[in-house]
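The structure under discussion appears below in the form of structure tokens.
No lab work stands behind these numbers, since they all come straight from the coordinates. Everything numeric in this text was worked out from a predicted model, so none of it was measured. All Cβ positions, even for glycine, are placed from backbone atoms using ideal geometry, and neighbour counts span all protein chains on display.
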Amino acid sequence: MMAIRELKVCLLGDTGVGKSSIVCRFVQDHFDHNISPTIGASFMTKTVPCGNELHKFLIWDTAGQERFHSLAPMYYRGSAAAVIVYDITKQDSFNTLKKWVKELKEHGPENIVMAIAGNKCDLSDIREVPMKDAKEYAESIGAVVVETSAKCAINIEELFQGISRQIPPLDHHENGNNGTIRLGNQTPQTIRRCC
Amino acid sequence: MADKLPSEFDVIVIGTGLPESIIAAACSRSGQSVLHVDSRSYYGGNWAGFNFSGLLSWIKEYQEESDVGEEWAAWQELILETEEAIVLRKKDQTVQHVEVICYVRQDSDDPIEKAGAVQKNPVSVMSPGLNDPLDTVDTSCSDTSELPAPHNEPETALEVLEVEVTLEKENQHGYTSCSQSALERDIAEHVPIMEDVANAPKKHWITYSQIVKEGRKFNIDLTSKLLYSRGLLIDLLIKSNVSRYAEFKNVTRILGYQEGNVLQVPCSRADVFNSKKLTMVEKRMLMKFLTFCLDYEQHPDEYKAYEQSTFSEYLKTQKLTPNLRHFVLHSIAMTSETSSNTLDGLRETRNFLQCLGRYGNTPFLFPLYGQGEMPQCFCRMCAVFGGTYCLNHAVQCLVVDKESGKCKAIIDHFGQRISAKYFVVEDSYLSEKTCSNVTYRQISRAVLITDGSILNADSDQHISILTVPPVEPGSAAVRVIELCSSTMTCMKGTYLVHLTCMSLKKTAREDLELVVQKLFTPYAEVELENGEQEKPSLLWALYFNMRDSSGINRDSYNNLPSNMYVCSGPDCFLGNEHAVKQAKTFFQHILPNEEFCPPLPNPEDIVFDGDGVQPEVLVPKPDTAKEVTGQRNPEEHAQE
Ligand SMILES: Nc1nc2c(ncn2[C@@H]2O[C@H](COP(=O)(O)OP(=O)(O)OP(=O)(O)O)[C@@H](O)[C@H]2O)c(=O)[nH]1
Ligand SMILES: [Mg+2]
């Protein structure tokens, strides 16, 4: 039996860059042109193998709170990784990426793994952001970077694999979440992040 | 990236405290379009929690006298002749007597304090300039030098120095009297010296710059509460599924204070029997009494005659030693010696006992990262169902239609008029004109950072609650909640201690300092000769008073339109019952036919009701890991 590790991943990026579409593609292998702006969806999970562990991604979507710069700090709590998304056809969305990174550094957990996704790479004929810019920037902050297309299922798996690889191996000493309680419907469940 | 706000909603909620956030979530959940705004840059109002630098900014704000009123677009031209305005307050007045005392060394030449830029926004976001958000976006985007190496994170200091701090080190335990010079100590602290053959491991002195540097490890709540494990808030969290956004710790110890000593109070059956402090006879007495309390209503003859007496009087008639009486009164019922009657006492005792054992051997839970997470969890729920969130968004006035007497819109600080059917406003936003007939009580609060627990034990990771009975005539009972670092509210090696009482004297410091002195000693970098010091040391302290706006009758406010609801700030009690009750009452007024925060029909994970995929039927297969396993709540997996 492989050990399952729960990894919270939060999504960041401007409205309309394709955050929800990326999760939807990753979790359900599905793409919907008329996806409503994140109503009702905020929490999806998918488990993938990584080495001799299973990584169970708990993926949080912004729920639109970022639209007026009002993301709650609880959104970042305990995140192992953040996916910061921009739209390669919108220079603006790349410019604001840096703001999201800064925000993460201020409010996110200290050792959070950062992954940058240049989404909508199927539209490269109307590209505004050169791949080179993203690569350079990602390198400067030590982030993983890929260009993705939620629409055409390009590099979505790779994005999350990239995250998996950056997650430091489980440190048995700092298994400090002993006694943490999640409130369930009937039975309270004490979390064990390693079996 | 900031769009313009829509000009029409069903419900507008002003203030992001707990009751407002619950109402926002409930309304949004029932399909109402909700605009939720707060004029502050952080969530929670007086229910908020801050990291250390965020707290310093908060302190500064309340220590500053001047009203740095921004220019707001004039609203006067925006209302019609048939309308009138309820003008809201520009600057919050609910917090007073803010005092900070730093007991640890505050060297100004400490390298760390020079490191970074000022973090302007305590908790949240890239707050846009009030007038042109895009402007801000541009300027700070061009600044790539901001990407910090881990060592100079932009959260320290300049501000630290600006906060008004009472320095007590000189007159209490001056460093000057210490034989070692500051410089030498610095070296000892930062450079491991190989020749140092000192037999005992060197004590690690904590300095102010360390607290500042590790400031993000702190989550300091303005309001100190716990969740009763069978209380209304827990029930609501579970029922509505909001619970998935938070994690909790069980409070591990109930403490009592008697004759100057802090003692652990046994309360569960196992505790009672394992207690080394109680005699066999006492154990039996206590168990018998507690068993009776669990179903006291079945035995009215046992207490009928004492219904008019105080609980304390009643306890004297029971077979209990003074020791046991003290614990039952102060630590279990947590009622006051003088003012609560027998029935209150019995009810509180039963409530306590009923909450035992649900999650652990005390009745209380505490949210990881602090109580300040609670409003945010409900806000997220609201947003998930389409609610619109705007911090840093002040409302100048509510617009009332003269003829119908109903509120119809707000005018925000940009001068935008936004209409709605219902308006929920937190008390602190109301102007003096609206509240001229209201009398408020005050809550006294202290927040301490200490270097040790008030009761040392096998583990240094306890979460404890202690009630200190009134220390002198005319003072109040003080509730003390001590949080260890695994609650994610303070840095390793420290404790965060919250003191709360009803204010009876002039300032919070006057109300609480005596208790602080009884439990702690000021920090001193002096190695004590006879080893362990008996009391933990105070590193840093904050005192303030907060207005208690609970229990105010709606009629006390002047001219409230019928579709406007006023939420209270935090009350003085331990639980969150008042906030939940108020939210529910207002919600039922607004939407009488709707259920309050019903459970989700499907887990919210399933929204993509697209044609091809039917997420519900995807059953996780244990051997093919690369399957979708996440269509359900994490909680539900446990039951498979
Ligand atoms: N061509 C193309 N369109 C995409 C891609 N990903 C998303 N979109 C479209 O972009 C739009 C926005 O996608 P969303 O996934 O809703 O974006 P979001 O970042 O979640 O937006 P908010 O929830 O509003 O913050 C939708 O119309 C998607 O169909 C992609 O890879 N290629
Ligand atoms: Mg979305």
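Structure data summary
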{"quantity": "Distance between region B:555-575 and region A:110-170 - C-alpha centres, whole angstrom", "calculated": "49"}
{"quantity": "Test item: B:239-251 mean partner chain Cβ contacts at 10 Å", "calculated": "4"}
{"quantity": "Helix-derived mean residue ellipticity, 222 nm - over chain A, DSSP H n ≥ 4, -39500 (n - 2.57), to 500", "calculated": "-7000 deg cm²/dmol"}
{"quantity": "Phi-based couplings in Hz for region B:35-51 (Karplus 6.51, -1.76, 1.60; Gly and Pro marked x)", "calculated": "10, 10, 10, 9, 6, 7, 8, 9, 7, x, x, 7, 9, 6, x, 10, 6"}
{"quantity": "Computed E for B:LYS304/A:ASP125 - FRET, C-beta separation, R0 60 angstrom, nearest 0.05", "calculated": "0.10"}
{"quantity": "Total charge dipole magnitude, region B:233-337, about the Cα centre, Cβ charges on Lys, Arg, Asp, Glu only, Debye to nearest 20", "calculated": "480"}
{"quantity": "Cβ-based exposure ranking for B:PHE364, B:PHE50, B:PHE289, in which fewest neighbours within 10 Å come first", "calculated": "B:PHE289, B:PHE50, B:PHE364"}
{"quantity": "Vicinal HN-Hα couplings computed from phi for region B:476-486 (Karplus, 6.51 cos²θ - 1.76 cosθ + 1.60; Hz; Gly/Pro x)", "calculated": "9, 5, 10, 8, 10, 10, 9, 10, 8, 5, 6"}
{"quantity": "Likely footprinting exposure, A:CYS50, B:CYS102, A:CYS152, fewest C-beta neighbours within 10 Å first", "calculated": "A:CYS152, A:CYS50, B:CYS102"}
{"quantity": "Prolate/oblate/rounded label for region A:3-166 (Cα gyration tensor, a/c 1.5)", "calculated": "rounded"}
{"quantity": "Sites B:GLU77 and B:ASN437 - FRET efficiency at Förster radius 22 Å, r taken between beta-carbons, to 0.05", "calculated": "0.10"}
{"quantity": "Phi-based couplings in Hz for region B:572-588 (Karplus 6.51, -1.76, 1.60; Gly and Pro marked x)", "calculated": "8, 6, 6, x, 10, 4, 4, 4, 5, 4, 4, 4, 5, 4, 5, 4, 5"}
{"quantity": "Partner chain coverage, peptide B:48-58 - average Cβ within 10 angstrom", "calculated": "1"}
{"quantity": "For A:LEU7, distant residues with modelled amide H under 5 Å away", "calculated": "A:LYS56, A:PHE57, A:LEU58"}
{"quantity": "Separation in nanometres of the label points that stand 7 Å from Cα toward Cβ, at A:GLN161 and B:ASN261", "calculated": "6.5"}
{"quantity": "20 Å Cα-Cα threshold exceeded, pairs from B:LYS408/B:LYS584; B:LYS249/B:LYS518; A:LYS56/A:LYS102; B:LYS249/B:LYS535; B:LYS402/B:LYS433; B:LYS283/B:LYS316", "calculated": "B:LYS408/B:LYS584; B:LYS249/B:LYS518; A:LYS56/A:LYS102; B:LYS249/B:LYS535"}
{"quantity": "Likely footprinting exposure, A:GLU157, B:GLU77, A:GLU53, fewest C-beta neighbours within 10 Å first", "calculated": "B:GLU77, A:GLU157, A:GLU53"}
{"quantity": "Angle between chain A longest axis and helix A:156-166 axis [Cα atoms, degrees, rounded to 10]", "calculated": "50"}
{"quantity": "Signed unit charges on C-beta, dipole axis of region A:3-166, positive-most listed residue A:TYR86, A:LEU7, A:GLY142", "calculated": "A:LEU7"}
{"quantity": "Two-site label geometry, B:SER562 and A:ASN52: point separation in nm, points 7 Å out along Cα→Cβ", "calculated": "7.2"}
{"quantity": "Number of partner chain Cβ atoms within 10 Å, mean per residue of A:44-55", "calculated": "4"}
